[in-house]
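Below is one structure, written out as structure tokens; comments come after it.
The values are calculated or read from the model by the stated rules, or taken from the named source; none is laboratory data. All figures in this text were calculated on a predicted structure; none of them were measured in a lab. With ideal geometry, Cβ positions are generated from the backbone for all residues, glycine too; neighbour counts draw on all protein chains shown. Side chains included, ligands, DNA and RNA excluded: accessible areas come from the protein's heavy atoms. Shrake-Rupley method; radii C 1.70, N 1.55, O 1.52, S 1.80 Å.
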Amino acid sequence: MTLPVMKNFINGEWVASKTTTFGDVWNPAKGEKIASVPYGVKEDVDMAVQAAKAAFPEWRATPPLTRARYLFRLKEAFEENFEAIARVLTTEQGKAIDDSRGEVRRMIENVEHATGVTTLMTGYTLEDIAKGIDCYGHRQPMGVFAAIVPFNFPGMVAWWFLPYALVSGNTFIVKPSEQVPMTQAKIFEIVEEVGFPEGVINLVNGAHEVVNGLLDHPDVQGISFVGSTPTAKYIYERCGATGKRVQALGGAKNIVAVMPDADIDAAIPSLITSFFGCAGQRCLSGSILAPVGDVAGELKEKFIAAAKNLRVGNGLDEQTAMGPLAGPQHKKRVLGYIEKGIAEGAELLMDGRNFTVPEFPNGFFVGPTIFDKVRPDMSIATDEIFGPVVSVVNPKNLDEVIELVNSRNYANAACIYTQSGATAREFKYRVNPSMVGINIGVAAPMSFFPFGGHGNSMFGDIKGHGQEIFLFFTDMKVVIERWY
Ligand code: NAD
């Protein structure tokens, strides 16, 4: 059977890539190849940049409210296709269908937020900065921007950036993850239906060559990147070398602390979601569980009982809470970390290595895995595993928790469960990570707040979505004016 081959969407048309190299797209629950993805080449990038550049002058001159109206129509079209997008997403990525629905919802919320352009993009003015002289600054779009995105959120992440770039008057290119290109293809069918002017939004499939083509292209003004830390650092440095704006969000090692005064029973469901939702493949997933002092015994007992009850299977099954890992290489990587944890002397309380789902014997499943007696210097406590693997570290008190959080190489998210306002305040005040959850296990800012960390979790200063994103996609032009 020949597999469908993904196409690029350039200048309002679906076109074949110029490449001769292709990769596989998997259904990770079944362990079956379902599509072929072109590893695009520089010519593909050139075509897309030329189209986006040509579309820019007219799009830029289109009033912001008119641009926002395209987004209103797009939002409606996304709502009509909501379930269809979520199903494609689960089919290629593996996550539970409810997780996919949540992702599509968050994607749409960015479209909604961006429609506030007429208040969010304004500049400011001051009369009489000197006698008879006024000054004002307004925000101008800059040209062609691009997003390069990861495999774990095939739908939403590109849309942390695209709606804001577009509504500000820029034109855009999306480079999806080559592991999961089908969701954006579905989304772009809807973009096509809504009928944006040709060249305003483009999609180019591929891997490293497309990324490098975008990074080096003189007509690309800026790059929004989300992915692993080594790639984020590379993107940041190369954008520096080529003089582009850049926001590069990287990996994470998130700690979830549980204080002795926490309401354990109330906490368990959100702790389970934090560590095992999306099979641990979220940049906001809990990775280290840190019960403080004596609460460890009760917490571990209840957490393990809940983990045993977790329904693991094909994400398209409504009963499934945790799906497979997204691909074969990824499963190998996570199994490798479980072996490392054992070799380093951590105690394996729950072993997900030989986990199978009888109806899907070839799926890339790894069951919930829990290590106890993890030391902060073990690789399972320092490295991002990006799978359903929990490392339990048992700090004695809040100071030790904060030390544990701040000694990781990342500063993305940190969570605490407590019933004490004073403890929560101390925690949120002193921890480094930028996204903090208090009795919340996945501290995910919504579209109207910024998303991103710092340190090795993000290179650059303006984060994803939030109000500040309008600064990334515009240049402030300041006019100093005197009339005789
Ligand atoms: P990745 O870095 O391997 O790939 C991300 C993108 O970069 C892909 O589109 C890929 O084609 C491209 N790429 C990868 N290596 C490249 C190279 N050497 N040269 C040029 N391009 C390259 O990341 P991934 O495995 O797809 O995604 C998982 C990672 O993303 C995890 O580390 C996760 O924490 C992170 N992530 C972070 C956030 C956040 O908000 N900070 C959100 C989601 C995912």
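Looking across VAL442, VAL405, VAL478, one residue alone is away from the ligand (no atom under 13 Å from the Cβ), open to solvent by 10 Å² or more (accessible area, probe 1.4 Å) and at pLDDT 95 or above. It is VAL478.
Among the residues in the range 313-328, are any surrounded by fewer than 23 Cβ atoms within 10 Å (Cβ to Cβ), charged (D, E, K, R) and not in a loop (DSSP other than H, G, I, E, B)? Scanning the range 313-328, I find no residue that is surrounded by fewer than 23 Cβ atoms within 10 Å (Cβ to Cβ), charged (D, E, K, R) and not in a loop (DSSP other than H, G, I, E, B), so the answer is no.
What is the number of the single condition among (1) away from the ligand (no atom under 16 Å from the Cβ); (2) in contact (Cβ under 8 Å) with a residue 60 or more places away in the chain; (3) hydrophobic (A, V, I, L, M, F, W, C) that ILE223 does not meet? Of everything listed in (1) away from the ligand (no atom under 16 Å from the Cβ); (2) in contact (Cβ under 8 Å) with a residue 60 or more places away in the chain; (3) hydrophobic (A, V, I, L, M, F, W, C), ILE223 misses just condition (1). For the range 368-395, residues that are part of a loop (DSSP other than H, G, I, E, B), away from the ligand (no atom under 16 Å from the Cβ) and touching a helix residue (DSSP H, G or I) at 6+ places or on another chain (Cβ under 9 Å) total 8.
Only one of the listed residues (GLY345, GLY363, GLY341) is part of a loop (DSSP other than H, G, I, E, B), away from the ligand (no atom under 16 Å from the Cβ) and open to solvent by less than 30 Å² (accessible area, probe 1.4 Å). That residue is GLY363. Within the range 142-157, being buried (at least 24 other Cβ atoms within 10 Å of the Cβ) and more than 10 Å from the ligand (Cβ to nearest atom) holds for VAL144, PHE145, ALA146, GLY155. In the set (1) more than 9 Å from the ligand (Cβ to nearest atom); (2) part of a loop (DSSP other than H, G, I, E, B), the condition left unmet by VAL174 is number (2).
Taking the range 102-129 as the range and being open to solvent by 50 Å² or more (accessible area, probe 1.4 Å) and farther than 26 Å from VAL200 by Cβ as the test, the residues that pass are TYR124, THR125, LEU126, GLU127, ASP128, ILE129.
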